[in-house]
Amino acid sequence: MTTLLPSYQVLEEPLLAFHCMDSSYRTVNPIEGLISWGPYDSSIQGFLRPDPLRLAIVTPENSFVRLVRFLNQINSHVPSRSGDEYVPEWLGFNAVFRARLTVPSNKRDRLVRIVPEEVAQQARQTSEPEIFILDQLKNQIRDLVSISSEFDVIVVHIPSRWKEFREKRTEHYRYDLHDSLKVFGAPNNIKLQLIEEKSFHYADQARVMWWLGLALYAKSNGIPWKLAESTPNTAYVGLSYGISTKECRNRIIMGCSQVFDENGQGLKFLLYPVESPVFRGRNPFLSQEDARRLFTTLREIYQDANGRVPSRVVVHKTSHFTNDEMNGIATALAGVEEIELIQIQQHVRWKAIASNHGSVSKFPVSRGTIVPLDAFSFLVWTQGDVLGIADAGRHYYQEKRGVPSPLLVRRFRGVAPLEQVAREILKLTKMDWNNNQLYTKLPVSIKFSSILARIAEQVDHSWQVPNPYDFRFFI
């Protein structure tokens with residue numbers, strides 16, 4: 001069935017800021033902004049930027065030389081081989097981020113920890129080989145904690161020959177090496193960058209360097225960019241759920257949230273134990289009391305960081321809001337002038353084809369297209385055609401092929417115009433500091449809380465919850 005939807009509008013691509021004072025340092029393209037002006041925090045006089053950004057290394061013995069060679073590419077010029085008009089040549093870390101990066105080059109360096117090759121064989125002789133390898137890596141990382149003032153990020157290399165230790169899935173057990181290491185690093189105040197061997201072989205090393213360079217800079221407390229236009233005194237919260245499988249007899253339902261201010265600063269991840277989860281089918285929801293406790297904590301996190309209570313709170317989640325959740329949130333946020341409760345669904349059946357004077361266009365629907373469905377819901381295309389990324393007037397479609405599908409957005413509470421709600425979602429698709437793409441399909445409120453929900457599966461009873469952590473520990 002084909003339906004014509006004449007009532008629509010297209011929002012402009014959000015601008016990113018790369019200077020704290022000069023409003024001319026703005027562009028929609030994060031890579032273009034970094035090349036032209038460097039990161040946002042390089043414009044802040046006296047700001048303690050990571051310069052030099054110091055790496056420490058944990059790696060199996062036979063991979064050390066290749067890993068160091070790979071990491072040293074970050075300081076070199078790397079030509080682009082993909083032909084993608086969006087990803088240019090890599091100019092080197094200092095040229096892009098206006099900061100130096102140091103890589104230890106000797107196995108005996110105090111910032112290097114070598115995992116003996118025989119541990120893999122030892123692991124295979126145990127009943128839980130994946131846990132044996134995890135413990136070996138934890139021991140090496142723990143050894144570096146005592147000199148943590150000497151480095152900014154630990155690079156942990158996972159070789160292909162360790163593939164069997166990377167993850168394990170059964171009906172009642174889910175193990176992931178990457179996520180388990182992140183859970184270990186956060187309470188130890190250690191930021192980790194895991195590098196798998198496939199990164200060594202990727203055809204376009206310039207693309208790899210762009211993504212790796214940004215990840216390292218953000219993890220070392222750098223601020224690559226900010227939103228050029230923001231909504232003052234607004235806190236955004238992404239809410240998702242995870243189930244810890246470390247203790248199968250007593251599964252722990254976690255409220256996984258993040259809260260940050262209107263500039264994309266102060267991102268905090270919070271793993272919160274849900275005492276009385278309410279299940280509807282397989283989906284967990286918060287009881288009224290759990291919702292009240294969670295949002296009381298989130299309110300306090302924002303107030304501690306900003307010295308004031310937000311005047312507006314926007315909550316995003318993928319499932320609908322129950323009456324108990326809405327009532328609990330309202331109680332916790334009493335005194336907050338505006339509360340927006342927004343459901344964002346990614347997988348929908350809606351599709352749209354752009355027309356050009358009555359015929360099918362060669363290009364997809366424009367990114368930023370919004371179509372109202374009723375007074376409480378609308379579609380927004382966060383993927384689609386963007387003009388002027390490579391050259392003025394040229395079309396750019398990040399996904400390259402296929403028909404982009406929209407997000408279905410439904411409001412359960414709030415008074416802001418739907419255009420404002422959609423514009424904020426669009427802005428938040430450009431605030432993933434772990435990704436150099438022009439945009440992500442989901443806003444970081446949903447994307448990051450979903451990541452945390454997944455990581456929550458690796459949390460056991462020894463982990464301190466609730467406790468807010470900087471988002472950099474988990475990306």
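The values are calculated or read from the model by the stated rules, or taken from the named source; none is laboratory data. Please read these numbers as outputs of a predicted model, since none were measured by experiment. We place every Cβ from the backbone using ideal geometry, glycine too, and count neighbours over all the protein chains shown.
Could you give every pair whose Cβ atoms fall below 7 Å, whose first residue belongs to segment 141-163 and is more than 13 Å from I57 (Cβ to Cβ), and whose second residue is among the aliphatic types (A, V, I, L, M), counting only separations of at least 6 or pairs across chains?
V145/I190; S148/I190; R161/A120; W162/A120; W162/I133
Just the residues that are surrounded by fewer than 19 Cβ atoms within 10 Å (Cβ to Cβ) and either touching a Leu at 6+ places or on another chain (Cβ under 7 Å) or not in a loop (DSSP other than H, G, I, E, B) (or both), please, taken from segment 105-118.
I114
Looking only at segment 270-296, count every residue that is under 13 Å from V237 (Cβ atoms) and out of contact with any strand residue (DSSP E or B) (no Cβ under 7 Å at 6 or more places or on another chain) and tell me the total. Step through it out loud before you land on a result.
Narrowing segment 270-296 to residues under 13 Å from V237 (Cβ atoms): 270, 272, 286, 291, 294-296.
From the residues that got through so far, the ones that are out of contact with any strand residue (DSSP E or B) (no Cβ under 7 Å at 6 or more places or on another chain) too are 291, 295-296.
Of the residues in that region, 3 qualify.
Conditions (1) assigned to a helix (DSSP H, G or I); (2) free of Cβ contacts under 8 Å to residues at least 60 places away in the same chain; (3) closer than 30 Å to E300 by Cβ, marked per residue:
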| position | (1), (2), (3) |
| --- | --- |
| I344 | no, no, yes |
| A352 | no, no, no |
| L379 | no, yes, no |
| I389 | no, no, no |
| R401 | no, yes, no |
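Which one is surrounded by the most Cβ atoms within 10 Å (Cβ to Cβ) among residues in segment 37-52 that are within 16 Å of G92 (Cα to Cα) and not charged (D, E, K, R)? Let's see the steps before the verdict.
Of segment 37-52, the ones within 16 Å of G92 (Cα to Cα) are 37-39, 50-52.
Still in the running and not charged (D, E, K, R): 37-39, 50, 52.
Details: W37: 20, G38: 21, P39: 24, P50: 21, P52: 14.
Taking the candidates together, the pick is P39.
What single numbered condition from (1) under 25 Å from V237 (Cβ atoms); (2) without any contact (Cβ under 8 Å) to a residue 24 or more places away in the chain fails to hold for S361?
(1)
Please return the ranges of strands (runs of 3 or more DSSP E) entirely within segment 217-278 where 3 or more residues are at pLDDT below 75 and within 20 Å of Q343 (Cα to Cα). Explain how you work it out, then say what you get.
On the way: elements: 234-244, 252-260, 268-273.
Qualifying strands (runs of 3 or more DSSP E): 252-260.
What are the pairs, 6+ residues apart or on separate chains, where a residue within segment 439-461 that is under 15 Å from E424 (Cβ atoms) has its Cβ under 6 Å from a residue that is among the aliphatic types (A, V, I, L, M) and outside any loop (DSSP other than H, G, I, E, B)?
Pairs found: P443/I425; P443/L428; V444/L428; S445/L428; I446/I344.
In segment 376-402, which residues are closer than 30 Å to F321 by Cα and either outside the structural domain of T440 (by TED's automatic domain parsing) or modelled with pLDDT under 90 (or both)?
First, pick out the residues of segment 376-402 that are closer than 30 Å to F321 by Cα: 376-384.
Once the filter is applied, which keeps residues that are closer than 30 Å to F321 by Cα and either outside the structural domain of T440 (by TED's automatic domain parsing) or modelled with pLDDT under 90 (or both), segment 376-402 yields nothing.
So if I check each of T126, T102, T170, which one is closer than 30 Å to L48 by Cβ and surrounded by fewer than 19 Cβ atoms within 10 Å (Cβ to Cβ)? It would help to see each step written out before you state the result.
Numbers: T126 fails: closer than 30 Å to L48 by Cβ; T170 fails: closer than 30 Å to L48 by Cβ.
Of T126, T102, T170, the one residue that is closer than 30 Å to L48 by Cβ and surrounded by fewer than 19 Cβ atoms within 10 Å (Cβ to Cβ) is T102.
Let's see how each residue does on (1) exposed (fewer than 15 other Cβ atoms within 10 Å of the Cβ); (2) in a loop (DSSP other than H, G, I, E, B); (3) in contact with a helix residue (DSSP H, G or I) (Cβ under 7 Å, 6 or more places away or on another chain):
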| position | (1), (2), (3) |
| --- | --- |
| S24 | yes, yes, no |
| E32 | no, no, no |
| I35 | no, no, yes |
| G83 | yes, yes, no |
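If we scan segment 391-407, do we find a residue that is touching a strand residue (DSSP E or B) at 6+ places or on another chain (Cβ under 8 Å) and acidic (D, E)?
No, that holds for no residue.
Output the residues belonging to segment 281-326 that are among the β-branched types (V, I, T), closer than 21 Å to V409 by Cα and outside any loop (DSSP other than H, G, I, E, B). Spell out the reasoning first.
Step one: of segment 281-326, the residues among the β-branched types (V, I, T) are 296-297, 301, 309, 313-315, 318, 322.
Applying the additional criterion that residues be closer than 21 Å to V409 by Cα yields 313-315, 318, 322.
Result: V313, V314, V315.
Can you say whether S445 is at pLDDT 80 or above, in contact with a strand residue (DSSP E or B) (Cβ under 7 Å, 6 or more places away or on another chain), more than 21 Å from L181 (Cβ to Cβ) and surrounded by 21 or more Cβ atoms within 10 Å (Cβ to Cβ), as far as the supplied structure shows? Lay out the reasoning, then the answer.
Working: at pLDDT 80 or above: yes; in contact with a strand residue (DSSP E or B) (Cβ under 7 Å, 6 or more places away or on another chain): yes; more than 21 Å from L181 (Cβ to Cβ): yes; surrounded by 21 or more Cβ atoms within 10 Å (Cβ to Cβ): yes.
Here the answer is yes, as S445 does meet what is asked.
Is it the case that V87 is at pLDDT below 95, assigned by TED's automatic domain parsing to the domain that holds I141, in contact with a helix residue (DSSP H, G or I) (Cβ under 6 Å, 6 or more places away or on another chain) and surrounded by 18 or more Cβ atoms within 10 Å (Cβ to Cβ)?
Against the criterion (at pLDDT below 95, assigned by TED's automatic domain parsing to the domain that holds I141, in contact with a helix residue (DSSP H, G or I) (Cβ under 6 Å, 6 or more places away or on another chain) and surrounded by 18 or more Cβ atoms within 10 Å (Cβ to Cβ)), V87 qualifies.
Taking the criterion of being out of contact with any helix residue (DSSP H, G or I) (no Cβ under 6 Å at 6 or more places or on another chain), under 20 Å from A228 (Cβ atoms) and part of a helix (DSSP H, G or I), would at least one residue in segment 42-50 satisfy it?
Within segment 42-50, one or more residues are out of contact with any helix residue (DSSP H, G or I) (no Cβ under 6 Å at 6 or more places or on another chain), under 20 Å from A228 (Cβ atoms) and part of a helix (DSSP H, G or I).
Of a type in the set (A, V, I, L, M) and in contact with a Gly (Cβ under 8 Å, 6 or more places away or on another chain), is that true of I158? Write out each step before concluding.
Details: of a type in the set (A, V, I, L, M): yes; in contact with a Gly (Cβ under 8 Å, 6 or more places away or on another chain): no.
No, not satisfied.
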